[in-house]
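K.L.:
Right, I'll just put the structure down here and ask away after.
The values are calculated or read from the model by the stated rules, or taken from the named source; none is laboratory data. The model shown is predicted, which means the values in this text are computed figures rather than measured ones. Neighbour counts are summed over all protein chains in view; Cβ atoms, including those assigned to glycine, are modelled from backbone coordinates with ideal geometry.
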Ligand SMILES: Cc1cc2nc3c(=O)[nH]c(=O)nc-3n(C[C@H](O)[C@H](O)[C@H](O)COP(=O)(O)O)c2cc1C
């Protein structure tokens, strides 16, 4: 039996549960020579803010044991240039595209979303997410044109922006209010991305669900710091940054375990996934889908191996649907 890999996020059908994580794959077209993005379920773009941002000064990346620390600081071209220069290429993608939205104030989030809604009117046409790879793509002529935006991932959790991310991602009341305001402005799927840098991530997830989110993704990076003993300076110009990669996987899996038991909406798991075995831990913990981030820097094709490995594992287990994987988790005591 061939396993059914598809799933729904809000009204959107994803062909399979593997996506590329925000900030690790640009806006899609930059790396398409390296990865068959169209075979994946979704691409989560680099964050877009209202104004262009150069990001933080260098050095803004440093390698750590089993991971990396970054303080990119949401460098991006801003909404106007995004619409002019990035959206046309995103319309060509055959996987679902979630635009990652960030801002320093509630108004900024709302304005970025409104500008995207205006630039990419919602046709209501079913997206052809994760369709045939480009090599074997069906001709586009006659097909409904894609808008380039199938959904939004709301980044409430970037730890690098002084006046934005962390405060939003840590206050349940504010998250619920902002999610509701965004919900009022779009019928597209809204995914709220959660930070692990909080005391109770389940409470934050519940707030996003109460505000009308269609899904939550967890986790964003963890706050970390590296000090260079030679110079006695922090390795990053911003002193602290966001830790990602295999080092954070157990934290991400635990967050998905807690969050998936606290909300009814789908949970998208990420943090340190580069092999199918990593992704399966997230799916067993209760995630319905996963994203691959830092792993792509080591092996650009690893998201495809993750997808193939999940399908092979399901087949070996005789599993029909991805959402059945969560039910296989045994209790810790074995009883
Ligand atoms: C260089 C870099 C840039 C990132 N930029 C963003 C971003 O713009 N928006 C966002 O929501 N997350 C961003 N992230 C966080 C990732 O999407 C992901 O949540 C995190 O890295 C954990 O997954 P991983 O261990 O698979 O990389 C970024 C991560 C890295 C390493």
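K.L.:
Quick check: anything in region 257-271 under 29 Å from residue 58 (Cβ atoms) and at pLDDT 95 or above?
P.N.:
There is at least one residue in region 257-271 that is under 29 Å from residue 58 (Cβ atoms) and at pLDDT 95 or above.
K.L.:
Of these, 88, 3, which one is farther than 20 Å from residue 244 by Cβ and in contact with a strand residue (DSSP E or B) (Cβ under 9 Å, 6 or more places away or on another chain)?
P.N.:
3
K.L.:
Further question on the same structure: If I ask for residues that are more than 9 Å from the ligand (Cβ to nearest atom) and either surrounded by 20 or more Cβ atoms within 10 Å (Cβ to Cβ) or at positive phi (or both), which ones from region 212-237 would you list?
P.N.:
Within region 212-237, 212, 213, 214, 215, 216, 224, 232, 236 qualify.
K.L.:
Something else about it: How many of the residues in region 54-75 are modelled with pLDDT under 95 and touching a helix residue (DSSP H, G or I) at 6+ places or on another chain (Cβ under 9 Å)?
P.N.:
Residues that pass the stated criteria total 1.
K.L.:
Out of 286, 293, 309, I need the residue that is at pLDDT 95 or above and within 12 Å of the ligand (Cβ to nearest atom). Which one?
P.N.:
None of the others qualify; the one that does is 293.
K.L.:
Just checking, how many residues over region 43-55 are within 11 Å of the ligand (Cβ to nearest atom) and at negative phi?
P.N.:
Residues that pass the stated criteria total 7.
K.L.:
Does any residue of region 262-269 turn out to be within 16 Å of residue 67 (Cβ to Cβ) and within 13 Å of the ligand (Cβ to nearest atom)?
P.N.:
Among the residues of region 262-269, not one is within 16 Å of residue 67 (Cβ to Cβ) and within 13 Å of the ligand (Cβ to nearest atom), which makes the answer no.
K.L.:
On the given criteria, is residue 184 more than 16 Å from the ligand (Cβ to nearest atom), surrounded by fewer than 24 Cβ atoms within 10 Å (Cβ to Cβ), farther than 24 Å from residue 72 by Cα and within 17 Å of the chain's Cα centre (by Cα)?
P.N.:
Considered against the rule, which asks whether it is more than 16 Å from the ligand (Cβ to nearest atom), surrounded by fewer than 24 Cβ atoms within 10 Å (Cβ to Cβ), farther than 24 Å from residue 72 by Cα and within 17 Å of the chain's Cα centre (by Cα), residue 184 comes out as no.
K.L.:
When you scan region 28-35, do you find a residue that is surrounded by fewer than 21 Cβ atoms within 10 Å (Cβ to Cβ), on the phi < 0 side of the Ramachandran plot, out of contact with any strand residue (DSSP E or B) (no Cβ under 8 Å at 6 or more places or on another chain) and at pLDDT 95 or above, even just one?
P.N.:
Checked against the condition, which is being surrounded by fewer than 21 Cβ atoms within 10 Å (Cβ to Cβ), on the phi < 0 side of the Ramachandran plot, out of contact with any strand residue (DSSP E or B) (no Cβ under 8 Å at 6 or more places or on another chain) and at pLDDT 95 or above, region 28-35 yields no hits at all.
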